[in-house]
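Presented below is the structure to which this report refers.
The values are calculated or read from the model by the stated rules, or taken from the named source; none is laboratory data. Keep in mind that what you see is a predicted model, and the values were worked out from it rather than measured. Glycine also receives a Cβ, built like all others from the backbone with ideal geometry; neighbour counts cover every protein chain displayed.
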């Protein structure tokens, strides 16, 4: 007999449990929750079409509706900051950058879930933007002292950038005081050469049409030489001795390739007129300076 009462008691408990579960399920399924919150949509600055989207946050007052089990998990809306991908959602006109309602709806659903219903007033959300401008700016060579030459060398042409200006694009307010630059690494320069160096990292919001520039220079060992040449006047050659200093690679050539000599009549005598044709070549002295024809 006690066994029969025990089975009936268990059945009663199961029935009560089942009835409670049905009641709870119906209660939850009929639950409707409405919550109003302020969400901050964060746009990260970047170039979009011909506008510059500034770093900005726009506040949106939204009404959230949920039902059933979803209504029990509303704590996810405690996170109110949403950084969205402006590449995917932002639209532009000639005057502004903005989100449409369909964009906002998608952003909210991606953040919180598609099971919630969102409502707000307005048909778009405008983000601060300004026109992008393009300017040709000179490039500065920083730390040129890092480029050295061997002890016996001199500069024929000091390091220069080619091109010395580049086109930069960005907000006008930032370009006004901006100068692109290249920081010279440490190395020893020898001879006539050209190297490619990277542009220094650009500030956020500014872009350039190139990332690398050429740097060219010429350095050579310096020497002094004595060079005999003949200068002709009226079918007669006159020997002239030149004392010159300059780059070794230049002075090993024939003097006619790097100096120009000519006669000039002065007070009934001929004066030797001489000038250098090559960069770095200096005339230290020459003899004779006059001849009597």
Point to revise | Odd one out for residue 150 among (1) exposed (fewer than 12 other Cβ atoms within 10 Å of the Cβ); (2) touching a strand residue (DSSP E or B) at 6+ places or on another chain (Cβ under 9 Å); (3) assigned to a loop (DSSP other than H, G, I, E, B) | key: (1)
Review point. Do we have any residue at all in the range 52-73 that's assigned to a loop (DSSP other than H, G, I, E, B), within 34 Å of the chain's Cα centre (by Cα) and touching a residue at least 24 places away in the same chain (Cβ under 8 Å)?
Key: yes
Review point. Which of the residues belonging to the range 38-50 are at pLDDT 80 or above and surrounded by 14 or more Cβ atoms within 10 Å (Cβ to Cβ)?
Key: 39, 41, 42, 43, 44
Practice item. With a cut-off of at least 2 residues that are within 28 Å of residue 47 (Cα to Cα), name the strands (runs of 3 or more DSSP E) lying wholly within the range 94-147. Key: 97-100, 124-127, 129-138, 140-142
Review point. Counting only residues that are at pLDDT 85 or above and loosely packed, with under 12 Cβ neighbours inside 10 Å, how many does the range 263-281 have?
Key: 1
Practice item. Run residue 130 past the list (1) modelled with pLDDT of 85 or more; (2) touching a helix residue (DSSP H, G or I) at 6+ places or on another chain (Cβ under 8 Å) and report the number of the one that doesn't hold. Key: (1)
Check your understanding: Tell me, which residue of the range 156-174 that is part of a strand (DSSP E or B) and exposed (fewer than 15 other Cβ atoms within 10 Å of the Cβ) is farthest from the chain's Cα centre (by Cα)?
Key -> 157
Point to revise | Sole residue being farther than 30 Å from residue 198 by Cβ, in contact with a helix residue (DSSP H, G or I) (Cβ under 8 Å, 6 or more places away or on another chain), outside the structural domain of residue 206 (by TED's automatic domain parsing) and surrounded by fewer than 12 Cβ atoms within 10 Å (Cβ to Cβ), chosen from 75, 123, 103 | key: 123
